[in-house]
Each structure stands twice: as structure tokens, then as C-alpha cells.
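Q: This is the structure I have questions about; it appears just below.
The values are calculated or read from the model by the stated rules, or taken from the named source; none is laboratory data. Computed from a prediction, not measured in an experiment: that's the story for all the values here. Here the Cβ positions follow ideal geometry from the backbone for every residue, glycine too, while neighbour counts run over all protein chains shown. In case anyone asks, the SASA skips ligands and DNA or RNA and just uses the protein heavy atoms, side chains included. Shrake-Rupley method; radii C 1.70, N 1.55, O 1.52, S 1.80 Å.
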Amino acid sequence: NRKYIDKAVIVTAFSARVQGESTKDFVKAYKELYGEKPGLYAAYGYDAINVINECIAAAKVKKYNVDGSKLCKKLISERAEFVFGGLTGENMRWNAEGELSSVPPAVLIENGVYVQ
């Protein structure tokens, strides 16, 4: 029954029903490619690729044929300053052990519709 969940706020890493622009764009593109709505792991994968891309840009990596271990060292050295916001959370940061801390999205339900 919708009246019991109206005005509820839930915390979830991702929902394809959220009305935010970045989510809507991602869901549309995903549906065009795969014919279905994306799930949580699709959003995690999308964010992961964007994190890697932005880390490489922040580390000012210019060579595409750089040695893998040198690339990892360069990315780790930039980690302390790197902050990412994507589909699955905002203010994502990684500590020295590689553990993630972030603020997951909170979703408000109004009239049975997920809004951000």
C-alpha cells in the first residue's frame, strides 16, 4: 500500500527509478544497449570505470604505454587528494589501505515515485 511508504527516505547505493539527471541518462543509455534497466552492479561498474578514468586524469598520466606497476604507484600517490561523486555515492574517498568511505544516496519516495 503506497500510503505507508509515502515520504519515506531510504539509503541505497543505486536505484534505476531515481529521477536525477545522471541516473536518468545512465538508465536510458543502458536500456538502449541492453534492453533492460540496470541494476546495482551495473552502476558500480560504471562508477568504477569513471573512477579509474578520473584518477588517471588527476595523476596527469600522459603515456598510454606506461608500465602497470608505475601507473599503480602514480595513482596511489594521488589517492589522498582524490574525491569522486557518481551514481553510487558522493564524496567517495579512499584511505591508505584502499578502503572506501562515501555518502550513499538517500532517496525520497513521493506518491510512489522515487525522487532524489
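Q: Which residue fluctuates the most in the chain, going by a Gaussian network model with Cα springs under 10 Å, if the choices are GLU97, GLU54, GLU21?
A: Per the Cα network of the chain with a 10 Å cutoff, GLU97 tops the list.
Q: By a straight-distance test (C-alpha under 15 Å), which aspartates and glutamates pair with LYS7 as possible cross-link partners, with residues fewer than eight away in the same chain excluded?
A: Straight-line reach from LYS7, under 15 Å: GLU110.
Q: Go through segment 54-67 residue by residue and turn each phi into a ³J(HN,Hα) via Karplus (6.51, -1.76, 1.60, θ = phi - 60°); whole Hz please, and just put x for glycine and proline.
A: Couplings: 5, 4, 4, 5, 5, 7, 6, 6, 9, 8, 8, 10, 5, 4 Hz.
Q: Looking at segment 1-89, which trypsin sites (Lys or Arg not before Pro) are DSSP coil and have at most 10 other C-beta atoms within 10 Å of their C-beta? Provide the component values of the computation, followed by the final result.
A: Values: sites: ARG2, LYS3, LYS7, ARG17, LYS24, LYS28, LYS31, LYS60, LYS62, LYS63, LYS70, LYS73, LYS74, ARG79; in loops: LYS7, ARG17, LYS60, LYS62, LYS63.
Here the trypsin sites (Lys or Arg not before Pro) that fit, given the DSSP loop and packing criteria, are LYS7, LYS60, LYS62, LYS63.
Q: Something else now. For segment 34-116, how many pairs of lysine residues have a Cα-Cα distance under 29 Å, where the two are 8 or more positions apart or belong to different chains?
A: Within segment 34-116, the lysine pair count is 8.
Q: Using the Kirkwood formula on the Cα atoms of the chain, what hydrodynamic radius do you get, in angstrom to one decimal?
A: Numbers: mean 1/r = 0.0622 Å⁻¹.
After inverting the mean inverse Cα-Cα distance, the result is 16.1 Å.
Q: Output wanted: per-residue J couplings in Hz (rounded whole) for segment 82-99, from phi through Karplus 6.51 cos²θ - 1.76 cosθ + 1.60, θ = phi - 60°, x for Gly and Pro.
A: Listing the rounded values in order: 7, 10, 10, x, x, 5, 9, x, 10, 6, 6, 9, 10, 7, 4, 8, x, 7 Hz.
Q: Might you tell me the accessible area per residue for the chain, computed with a 1.4 Å probe and given in Å²? Walk me through the numbers on the way to the answer.
A: Working: 8260 Å² over 116 residues.
With all protein chains present, the chain gives 71 Å² per residue.
Q: Ok, one more. Whenever you get a sec, compute what percent of the accessible area on segment 1-66 sits on carbon and sulfur atoms (1.4 Å probe).
A: About 54 percent, which is the carbon plus sulfur part of the accessible surface.
Q: What relative contact order, as a whole-number percentage, does segment 27-116 give when Cα pairs under 8 Å and 6 or more residues apart are counted? Before the final figure, lay out each step's value.
A: Numbers: 75 pairs, mean separation 15.0, N = 90.
The value is 17 percent.
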